[in-house]
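Participant: Sharing a structure below in structure tokens format, with a few things to ask.
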Amino acid sequence: MVHKDELLEYALVYGDYKGIPKQQIRDYMGKGYDIVLRVDIQGAQTLRRILGDSAVFIFLMAESEAKLVERLVDRKTETKESLLVRIATAREEVKHVKNFDYVVVNAEGRLDNAVELVESIIDAEKAKVQQRRTVI
């Protein structure tokens, strides 16, 4: 898919290749769906370069670095080494928040609030007089 230019964006993330098929996005856009992509900073930078201001970028973050660390430790899915990499990555990523259109804090135990805020952002974008036009 990479060689055939069939991916909107792809990257090596934590040792695995991740990518977004263009056709899948086109199919859902054609049906009138809102498209929500979960990408890291590298993916967001690539998508911003490709899509410019035609897409909305939302930075989702924990309420604090300490809470993020606590959540990662509580999951018990990370080795000590991978935990340190995740924490260092999060510290680096938060420096890029200024490149996003919105920031949503996903506070512990308040997932519903974060979801509602993302939904509100989508609704607000749809109510704009000057609509964003995205072509993939």
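The values are calculated or read from the model by the stated rules, or taken from the named source; none is laboratory data. Small disclaimer: the values here were computed from a predicted structure and weren't measured. Neighbour counts run over all protein chains shown; Cβ positions are idealised from the backbone, glycine included. Surface areas here come from the heavy atoms of the whole protein model, side chains and all, with no ligands, DNA or RNA. Shrake-Rupley method; radii C 1.70, N 1.55, O 1.52, S 1.80 Å.
Participant: For the pair Arg26 and Glu63, how long in nm is the line joining their label points, each one 7 Å along Cα→Cβ?
Facilitator: So the label points at Arg26 and Glu63 sit 4.5 nm apart.
Participant: Divide the volume of the convex hull of the Cα atoms of region 68-136 by its number of residues and quote the answer in cubic angstrom per residue. Don't skip to the end; give the middle numbers.
Facilitator: Numbers: hull volume 9.4 nm³, N = 69.
Measuring per residue, one finds 136 Å³ for the Cα hull of region 68-136.
Participant: Another one. Just to confirm my numbers, what's the Cα centroid distance between region 25-44 and region 91-136 in Å?
Facilitator: One Cα centre to the other: 13 Å.
Participant: For the chain, what is the charge dipole size about the Cα centre, in debye to the nearest 20, if Lys and Arg each add +1 at the Cβ and Asp and Glu each add -1 at the Cβ?
Facilitator: For the chain, the charge dipole is close to 340 debye.
Participant: Compute the accessible area per residue over region 1-85, keeping the other protein chains in place, probe 1.4 Å, unit Å². List each step's numbers first, then the result.
Facilitator: Working: 6190 Å² over 85 residues.
Per-residue accessible area for region 1-85 comes out at 73 Å².
Participant: Roughly speaking, what % of Cα-Cα pairs in region 1-65 are separated by over 15 Å, rounded to a whole number?
Facilitator: On the way: 1223 of 2080 pairs.
Considering region 1-65, 59 percent of its Cα-Cα pairs are separated by more than 15 Å.
Participant: Principal axis extents for the chain, Cα atoms only, whole Å, descending order, please.
Facilitator: Taking max minus min along each principal axis of the Cα atoms, the chain gives 43, 38, 25 Å.
Participant: Among the lysines, which have Cα under 16 Å from the Cα of Lys67 when same-chain residues fewer than 8 positions away are ignored?
Facilitator: Filter leaves Lys76.
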